[in-house]
4 protein chains.
Amino acid sequence: MDFLPAPEWFTSEWLNTPEPLSLARLRGQVVVLHAFQMLCPACVSHALPQAQRLVVATRDAPVAVIGLHTVFEHHDAMTVAALRAFLHEYRIHFPVGVDARGTNGGDIPQTMRAYTMQGTPTTVLIDAAGYLRRQWFGAVDEFALGIAVGRLLTEQTTETPATTAAAEAAAIYSPSAGCS
Amino acid sequence: MDFLPAPEWFTSEWLNTPEPLSLARLRGQVVVLHAFQMLCPACVSHALPQAQRLVVATRDAPVAVIGLHTVFEHHDAMTVAALRAFLHEYRIHFPVGVDARGTNGGDIPQTMRAYTMQGTPTTVLIDAAGYLRRQWFGAVDEFALGIAVGRLLTEQTTETPATTAAAEAAAIYSPSAGCS
Amino acid sequence: MDFLPAPEWFTSEWLNTPEPLSLARLRGQVVVLHAFQMLCPACVSHALPQAQRLVVATRDAPVAVIGLHTVFEHHDAMTVAALRAFLHEYRIHFPVGVDARGTNGGDIPQTMRAYTMQGTPTTVLIDAAGYLRRQWFGAVDEFALGIAVGRLLTEQTTETPATTAAAEAAAIYSPSAGCS
Amino acid sequence: MDFLPAPEWFTSEWLNTPEPLSLARLRGQVVVLHAFQMLCPACVSHALPQAQRLVVATRDAPVAVIGLHTVFEHHDAMTVAALRAFLHEYRIHFPVGVDARGTNGGDIPQTMRAYTMQGTPTTVLIDAAGYLRRQWFGAVDEFALGIAVGRLLTEQTTETPATTAAAEAAAIYSPSAGCS
């Protein structure tokens with residue numbers, strides 16, 4: 001399998017982090033991006049608690065759990081001030097970016113559009129080299145996500161010392177990569 | 001890290017499988033062994049449903065989810081006939097071995113003792129080469145188990161073509177193995 | 001509405017009580033009868049925990065929560081010894097009667113048949129005068145059961161001093177009874 | 001027991017109802033008032049779903065389930081526009097009043113103060129005559145609430161035809177009232 005680089009993020013603000021994040025800055029870590037809206041019931045009841053559990057489970061591993069507030073409706077209700085209060089009340093401590101408002105006044109924010117997300121919650125799995133590996137819309141099976149993250153972690157571990165420039169150019173970060 | 005081979009299983013009977021299983025027969029697959037008692041509330045409410053979800057999540061992967069009925073109390077209530085009815089009512093379809101009664105009339109069955117389990121539920125993770133990689137007593141975090149299984153699956157995938165007899169002898173199946 | 005007296009119970013054994021119970025002995029209390037089988041998944045996951053919560057919620061009220069082990073299948077697995085171990089492991093402390101085996105060797109036990117139960121779990125609500133007020137098969141909405149119990153408790157409180165023999169003969173224990 | 005009349009409500013706005021509600025307008029119904037904040041996690045995960053279940057369970061009974069948005073923090077995030085979006089997304093269809101901002105610029109809204117609520121969620125039970133019968137702060141046991149509502153419903157049913165002005169003056173609406 002070949003994978004495509006994950007689209008860069010377009011954000012207007014970041015919370016819970018001293019400085020803005022970008023995919024490039026997270027290179028070397030498996031990235032799990034949780035796109036949500038603070039007034040999306042399934043995000044609040046399932047996806048965000050799952051993200052918080054993933055933070056705990058990957059505390060000692062090179063995994064970055066990142067939130068993305070992809071507001072595509074009720075813009076006047078889901079302001080940055082409201083998001084800040086929400087993160088505080090729900091004790092969400094991982095970094096959360098605010099997806100940049102759509103260009104031309106459209107409702108759908110830019111990163112959401114770049115990933116062709118269908119709605120919220122959406123969970124995106126990006127490998128340590130920045131390739132987009134999986135994207136789920138709606139509830140994600142906890143084992144499916146855990147196994148997928150575990151696979152990428154070992155990939156990452158195993159390929160690093162073994163890869164050569166040639167191998168890297170050829171088949172890097174695919175599930176069977178890392179050995180030549 | 002170095003790992004030890006998982007102790008062989010001592011069973012008196014097998015359900016949900018045409019023929020008895022053994023660790024040797026499962027070589028090449030990641031094995032998740034769920035030790036339980038049918039009258040253990042935490043097994044029934046948490047561990048067995050988790051095992052069933054793992055069966056679904058690993059349907060297309062070389063993972064064997066195996067139950068082990070490790071009766072160490074209420075032997076007259078948890079007979080093989082009762083276990084058979086239990087598996088039927090709870091729609092548990094994965095293979096379940098009956099741990100062999102303790103020698104010398106002891107209450108603790110033989111496999112349970114061989115693995116030094118502290119009680120039920122106990123979840124044991126064995127890699128595709130038969131090494132004992134992790135053992136949990138009590139509730140297991142779903143992400144922790146999923147990530148651990150995912151890691152072993154990639155190990156398995158990546159090391160096979162790369163390993164040589166020498167490497168195999170040296171450091172095989174440790175998390176960083178598979179590349180030389 | 002008119003109600004019929006609840007059929008008497010036919011039991012072969014009682015657990016968690018110093019002496020056998022009968023409907024007659026419980027007159028004056030609202031009775032909630034939980035018919036279950038120890039190997040019925042919905043009983044174990046929903047109905048019995050609900051019964052335990054009801055015990056706590058009615059600790060100070062004249063409510064008797066009673067279990068009835070209505071074995072109609074897997075008779076060799078759900079013996080009295082197995083039931084005893086089950087009640088111990090699940091910390092079920094309310095009285096449990098063992099429904100008497102069917103006459104003529106039938107599988108369906110006698111009380112189950114007398115109440116025309118459709119299966120397990122079945123929850124039966126009997127008022128303080130011994131009238132059968134409601135019977136549910138399957139999961140019972142917690143509010144529906146709570147409200148029904150609460151209604152019977154006030155009936156019981158209010159009608160006692162007010163009723164005369166005539167009123168008692170006429171419309172006793174119907175929801176609007178107690179005032180004449 | 002003697003009970004006090006429930007304090008009147010001070011609201012600045014009503015949603016999900018064609019016209020403003022007041023305790024006086026609800027006389028004759030058992031009232032369950034759910035005080036909440038849209039950014040209070042326990043309200044969203046427990047209290048509001050419980051209120052929705054209560055609406056279903058009391059569909060055919062004279063019970064009014066009413067929400068009260070008692071904002072005492074993050075006022076800029078929990079605006080009426082945000083509340084409107086929240087009720088829409090969470091499919092909350094029962095009437096919700098917006099508690100009036102505190103006088104003198106205080107953070108605690110007026111009804112919240114009048115009931116001396118300790119925080120959110122708070123559940124208030126008011127009988128059909130307008131008396132304050134119970135008030136809970138935090139999670140409410142579903143059976144405890146159901147039984148309390150059931151008791152008030154029978155009180156209401158039984159006392160109406162029996163009461164005289166004298167009885168009404170004396171002991172009305174106490175649990176043992178309604179019969180003379």
Computed over the protein assembly as shown, protein heavy atoms only, probe 1.4 angstrom, the accessible area per residue in square angstrom equals 43
Quick one: which residues, 5+ away or cross-chain, put their amide H under 5 Å from the amide H of A:R134? H built at 1.01 Å from N.
A:L125
Among DSSP beta bridges lying fully in the protein assembly as shown, give the percent that are antiparallel, nearest 5.
60
Suppose every Lys and Arg Cβ carries +1 and every Asp and Glu Cβ carries -1, with no other charges. What dipole size does the protein assembly as shown come out with about its Cα centre, to the nearest 20 debye?
0
Using the crude model of +1 on Lys and Arg Cβ and -1 on Asp and Glu Cβ, and no other charge, please compute the dipole size for the range C:58-151 relative to its Cα centre, in debye to 20.
240
For an R0 of 22 angstrom, estimate the FRET efficiency from the Cβ-Cβ distance between A:A61 and B:L4 and round to the nearest 0.05.
0.40
So, with points 7 Å from each Cα along the Cβ direction, the D:T17-B:V80 label distance in nm works out to 6.7
Partner shielding of C:57-64, taken as the mean number of other chain Cβ atoms within 10 Å, equals 2
Contact order normalised by length for chain B, with contacts defined as Cα pairs under 8 Å and 6 or more residues apart; what percent is it?
29
To the nearest 500 deg cm²/dmol, what mean residue ellipticity at 222 nm is calculated for chain B from DSSP H runs of n ≥ 4 alone, each contributing -39,500 (n - 2.57), summed and divided by the residues?
-9000 deg cm²/dmol
With just the Cα atoms of the range B:1-50, tell me how far they stretch along each of the three principal axes, in Å, largest first.
34, 33, 18
Could you calculate, for chain C, the ratio of the Cα radius of gyration to the Kirkwood radius, expressed as Rg to Rh?
0.98
If you restrict to DSSP beta bridges whose two residues both lie in chain C, what percentage is antiparallel, to the nearest 5?
60
Across all Cα atoms of the range A:1-88, Rg and the largest Cα-Cα distance (Dmax), in Å, are 14.0, 43
For D:S12, the accessible surface traced by a 1.4 Å probe with all protein chains present amounts, in square angstrom to the nearest 10, to 80
Within 10 Å of each Cβ in peptide D:135-146, how many partner chain Cβ atoms are there on average? Round it to a whole number, please.
4
Rounded to the nearest 20 debye, dipole of the range A:1-159 from Cβ charges on Lys, Arg, Asp, Glu
160
The range B:1-109: trypsin sites (Lys or Arg not before Pro) falling in loop per DSSP and having at most 14 other Cβ within 10 Å
B:R27, B:R59, B:R91
Where the eigenvalues come from the Cα gyration tensor of the protein assembly as shown, what are the semi-axes √(5λ) of the equivalent ellipsoid, largest first, in whole Å?
53, 41, 16
Using alpha carbons only, how many angstrom separate the centre of the range A:66-96 from the centre of the range B:122-147?
36
Shortest-first distances to equivalent copies, position D:N104, nm, label 7 Å out along Cβ:
5.6, 7.9, 8.2
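The values are calculated or read from the model by the stated rules, or taken from the named source; none is laboratory data. All values derive from a computational prediction rather than experimental measurement. Every residue, glycine among them, receives a Cβ derived from its backbone with ideal geometry; neighbour counts consider all protein chains shown. Side chains are part of the model used for accessible areas, which takes the heavy atoms of the whole protein and leaves out ligands, DNA and RNA. Shrake-Rupley method; radii C 1.70, N 1.55, O 1.52, S 1.80 Å.
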